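Encoded as structure tokens, the structure appears first; notes follow it.
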Amino acid sequence: MNQICNYFIKKTKCQNLHWVWIGIAPITLPQLTMVEEILIARYHCRTILFKLKYTNKGVIKGQHAFKGNVVSFAQDHEHAIEILNELPLSLECLFDFITVHFVGNTHPPMEIVKSCKFLYVRKFVITIWLTWLKYKHTKYRCTTINIHGLNLLPNNNIPNPIMRSIFKSTNIELANAEH
């Protein structure tokens, strides 16, 4: 039992030192999507690449599926300028931290792409989280909540910068590659 407790104490201290541990959050806070996490993070330690292959199982039945993987690349910490003190992150900065690639012979129609809930941003969720973090988390107390930036967020949709940056390729080898 002591080994388990020591493991969690060390893990918590390590995460706390690297500004990724937010502590115990109330259950009433809504679940964040990956994009929402990026928008409220004070420090970005990775870039995320979604590689998806679209398969249409039957046009008549309307069965659609995505198959793929997510790759996370570490950022260069030596050249990190500063920890962000004004949040949420600008939507235009999402290009630096998230990329979506559709590979294969067929590409999904836009209405199918818009069903990718993991890319959604919900303005009210970002507002709730930033408010809670600012008043309940010591490392967010000096953070300024950018009201103008909040107003530019979509209410419940994929942000336009992500939609504009979606890359499509017919490279079959890339579609079948594991990494």
### Criterion: part of a loop (DSSP other than H, G, I, E, B), touching a helix residue (DSSP H, G or I) at 6+ places or on another chain (Cβ under 6 Å), modelled with pLDDT of 75 or more and under 30 Å from Tyr140 (Cβ atoms) - qualifying residue of Leu32, Leu89
Leu89
### Message
Against the condition at pLDDT 60 or above and over 23 Å from Asn146 (Cβ atoms), how does Ser72 come out, does it pass?
### Response
yes
### Residue, nearest to Leu84 (Cα to Cα), within region 31-46, restricted to residues that are free of Cβ contacts under 8 Å to residues at least 60 places away in the same chain and of a type in the set (A, V, I, L, M, F, W, C)
Ala41
### Query
Hey, any hits in region 134-154 for a residue that's under 30 Å from Thr55 (Cα atoms) and in contact with a helix residue (DSSP H, G or I) (Cβ under 8 Å, 6 or more places away or on another chain)?
yes
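The values are calculated or read from the model by the stated rules, or taken from the named source; none is laboratory data. The model shown is predicted, which means the values in this text are computed figures rather than measured ones. All Cβ positions, glycine included, derive from the backbone under ideal geometry; neighbour counts span all protein chains shown.
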